Amino acid sequence: MFDFNPSFLVRIHPHRENFHISQGRTVFQVDMEGIVAPESADGLFVSRTRLLSLYRYLIDGKPPKANVMGNVKQHSWLGYYIASPPESSGDSEDQGSGQMEEISEKTIELRVSRYVGQGVHEDIDITNFTQESTQFRFELELDADFADQEKVQKGKREQQGKLERKWRQAPGGFWELVFDYKVEHAYSHQGNSGLSRLHRGLTVRIQNSDSLPSYEEGRIQFHVKLSPRKSWHSCIQLLPAIEEPHTSPQNLCPSFFEESSSIDRLRDSFLRSATKFRAPVSGRLTPVVVALLERAKEDLIALRLHDLDHCEDAWVMAAGLPTYVALFGRDTLTAAWEAALLGPEMMSGTLAELPRWQGTVVNDWRDEQPGRMLHEAHDSPLAALQFKPLSRYYGSMTTSAFYPVVVSELWHWTGNKELVYPLIRPAMNAIRWLDEYTHLLGDGFYYYKTRSEQGGKNQGWKDSGDAIVREDGSQVEAPIATCEEQGFVYASKLQFAEVLWWMDMKEEARQLYHEAGELKKRFNEVFWMDDEGFFALGLDSKGEPIRTIASDPGHCIATGIAETSLAEKTVERLFADDMFTGWGIRTLSSNNPAYNPYSYHRGSVWPVEHGAFAMGFMRYGLWGRLDQMSRALFEASAIFQYYRLPEVFSGHPRDDQHPFPALYPKTNWPQAWSASAMFSLLQAMLGIYPYAPLNILIADPHLPEWLPEITLEDLRIGDATIRIHFYRKKNGRSDYNILEQHGSLHVLRQPSPWSLTANFGERFKDLVMSAMPKR
């Protein structure tokens, strides 16, 4: 195996051709020169609509030379451009030993400071770094096309509307260019018909300009006159209008230099209250771990969809950039659960939001049935105009099965009945949907099959159309009962039964608990492949096992549906050479004929899976494999720029021929559940399990050599806050010290209450040790 070396120089940037400056639903995608070039796929995207399709700077008709540029934060960007003054006589004959260019010795600097909020604010500053006065024409060349983001990537446009451009002086005295776009579309799909309308726009507003602007043939022009060492300034506001009239800025996008919008205040509020991670520079990976966790925290809040806020402390994030800037049910549930170590805000917001979208009728085009939880909701042009069912689409089994699990996790972290009680009915309805609509073969297992002519074929965890294959590489046709979905249903019923018991719904709790036990028994009888020492990927349309070796059984460890006697065998199979790359666990065995390391689900590595697997390894006490897997993921993160793991990367083996992985071509980065997975890895290594209803925090740390200590600050359990230091002793055992505590909380050294391997003696010993003072 190729050994990790901290001095290794490679740093992978998955979006190596673009910068993404983003916040919420606004994404400004520019090329490596910071512009939106003609005929490119870049642009200013809001609600997955490309508002700007052309945006670049010109000095006397020519583009300045891009010097250096990059993101300062996810929502801000700074670029330097240089040009020679128009009066320059050309290169000097005496270039000196440095082979100097004229542009470096007589320089006009263009500095662009860009901030993205609910729009874009640019501060444009031009400085004359010469000893002579100069004057020239500075221009913004720009246009808009209002294309759907999907069609920008794939070509042929479907919606056709009317686009108007208007240059005007606004009542405040400033000048602005207004793009206004309207579409009407008659649609009919499987009984869904009507007339849809789309109205979107963009206002390009010039403010605080040192010279008056004019507009001609797609260019906003300024006459700039500068003495030596003097500067010229202008502010450019890009103000989107989505189904509403064009509005005044009203703090939509403040200056790059003075962040003061409501978005900034909400972001800062979360970062102040969220758990913080501190560690001295000890252990090879300690700096990577801390930097990655802090970066992941920033990425999650940058993906916040502010229009879906329920309150300041209850919010929902988008799935990822640049493709998934929308509400995704299972993605947000998974990310909120895996990042629960930061605080309950994401769980609270997601669990409150999804019932607003819960299915109420049978609508085959949308794959909707009563009680079914949402898969995805888009406000892109094609979705809004009903070309596709994606404005409200339900083609996922996972969301409904996982919703009650996350309700139980919110209960464990907060112990707040007022917060959890309104979520009981939506969770019960989701479970009822599973029982009424997915027993397609009558064998007691849960199957999926689309009813929509535009629906997704595969509706389990792996939802790409070619994800589920047989041993010979051939496709499996629906209905399909994948193993991980049975695990999610099991966890849903088991964990939600506990919540119902606390809510005095004891009869319903007994029923769910019994059903979970029966499902677990049948599952282990039918899905286990004794000759492989592994669980089947799923059951096919005839109820026969799909004997493919894939990552899905790892979720059976995570959910606890696997019998204890089978768990270690299952995990060992996941770490065989055909499954474990050295960077992570493949989605499909490299021995399968359908294996492709670049695919979405047939051999690639998904960080999000490992967050779930880690919680399972903790559950079954498989600390050695947890150490190995966590180290692999943290070392992988070290070779990605900003220590930011992408949505998915290639399944190449980690060896001398492959010292770093390749990429899935369209990987999202940042991506919510890749960021969140790393918090689950740490939580599992620390053995942290909250039980706020009883004011208890359980801790059972098993720190590896490469992470000998770490401190968690502002960790919240119920109404209590704690600062706790975890460390590894010389004898290899791990322990903790409570450095500071506010509120009522009892910290116990115990295996997780869900542990399937801890015996009474082990629990009693740890309980006694917890009560003794630390030396």
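A few comments on the model shown:
- Pair list, Cβ < 6 Å and 6+ apart or interchain, from region 507-527 residues that are under 10 Å from residue 497 (Cα atoms) to residues that are among the aromatic types (Phe, Trp, Tyr) and surrounded by fewer than 17 Cβ atoms within 10 Å (Cβ to Cβ): 509/501
- Residue match in region 363-373 (condition: in contact with a Pro (Cβ under 6 Å, 6 or more places away or on another chain), touching a residue at least 40 places away in the same chain (Cβ under 8 Å) and not acidic (Asp, Glu)): yes
- Looking across region 53-66, the residues that are at negative phi and either among the small types (Gly, Ala, Ser) or at pLDDT below 95 (or both) come down to 53, 66.
- Test for residue 304: is it under 24 Å from residue 149 (Cα atoms) and of a type in the set (Lys, Arg): yes
- Out of 661, 653, 701, sole residue that is in a loop (DSSP other than H, G, I, E, B), closer than 30 Å to residue 70 by Cβ and assigned by TED's automatic domain parsing to the domain that holds residue 584: 661
- Only one of the listed residues (93, 105) is surrounded by 14 or more Cβ atoms within 10 Å (Cβ to Cβ), modelled with pLDDT under 95 and farther than 26 Å from residue 212 by Cα. That residue is 105.
- Among the residues of region 343-362, those identified as more than 21 Å from residue 489 (Cβ to Cβ), in contact (Cβ under 8 Å) with a residue 40 or more places away in the chain and assigned to a loop (DSSP other than H, G, I, E, B) are 343, 344.
- Within region 274-286, residues that are free of Cβ contacts under 8 Å to residues at least 12 places away in the same chain have Cβ atoms under 6 Å from residues that are surrounded by fewer than 17 Cβ atoms within 10 Å (Cβ to Cβ) in these pairs: 281/287, counting only partners at least 6 apart in sequence or on another chain.
- Filter result (farther than 24 Å from residue 25 by Cβ and acidic (Asp, Glu)) within region 327-366: 364
- Only residues that are under 30 Å from residue 267 (Cα atoms), in contact with a Ser or Thr (Cβ under 9 Å, 6 or more places away or on another chain) and touching a residue at least 60 places away in the same chain (Cβ under 8 Å) were counted across region 111-137, and they come to 13.
- Taking region 368-385 as the range and being assigned to a loop (DSSP other than H, G, I, E, B) and either among the hydrophobic types (A, V, I, L, M, F, W, C) or touching a Gly at 6+ places or on another chain (Cβ under 7 Å) (or both) as the test, the residues that pass are 369, 370, 371, 372, 373, 374, 375, 385.
- From 374, 341, residue being of a type outside the set (Phe, Trp, Tyr) and either farther than 30 Å from residue 687 by Cα or not assigned by TED's automatic domain parsing to the domain that holds residue 673 (or both): 374
- Restricting 162, 154 to residues that are modelled with pLDDT under 95 and either in the same structural domain as residue 26 (by TED's automatic domain parsing) or more than 35 Å from the chain's Cα centre (by Cα) (or both) narrows the list to 154.
To keep it simple, each residue is scored yes or no on (1) in a loop (DSSP other than H, G, I, E, B); (2) in contact with a strand residue (DSSP E or B) (Cβ under 9 Å, 6 or more places away or on another chain).
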residue	(1), (2)
504	yes, no
511	no, no
516	no, no
521	no, no
556	no, yes
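Per-residue answers, yes or no, for (1) under 15 Å from residue 10 (Cβ atoms); (2) under 15 Å from the mean Cα position of the chain (by Cα); (3) not hydroxyl-bearing (Ser, Thr, Tyr):
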| site | (1), (2), (3) |
| --- | --- |
| 634 | no, no, yes |
| 638 | yes, no, yes |
| 650 | yes, no, no |
| 657 | yes, no, yes |
| 665 | no, no, yes |
| 668 | no, yes, yes |
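- From the list 625, 602, 573, the lone residue that is outside any helix (DSSP H, G or I) and of a type in the set (Lys, Arg) is 602.
- Given (1) of a type in the set (S, T, N, Q); (2) modelled with pLDDT of 95 or more; (3) under 19 Å from residue 226 (Cβ atoms), number of the condition residue 84 does not satisfy: (2)
- The lone exception for residue 132 - which of (1) assigned to a loop (DSSP other than H, G, I, E, B); (2) at pLDDT below 90 it fails: (2)
- Residue list for region 563-579, filter: in contact (Cβ under 8 Å) with a residue 60 or more places away in the chain and either farther than 13 Å from residue 622 by Cβ or in contact with a helix residue (DSSP H, G or I) (Cβ under 9 Å, 6 or more places away or on another chain) (or both): 567, 577
- Only a single criterion out of (1) over 15 Å from residue 48 (Cβ atoms); (2) within 16 Å of the chain's Cα centre (by Cα) is not satisfied by residue 321, namely (1).
- Residues that are without any contact (Cβ under 8 Å) to a residue 60 or more places away in the chain and closer than 25 Å to residue 295 by Cα, drawn from region 613-644: 613, 628, 629, 632, 633, 636
The values are calculated or read from the model by the stated rules, or taken from the named source; none is laboratory data. Being a predicted model, the structure only gives us computed values, none of them experimental. No Cβ is skipped: glycine too gets one built from the backbone with ideal geometry, and neighbour counts run over all protein chains shown.
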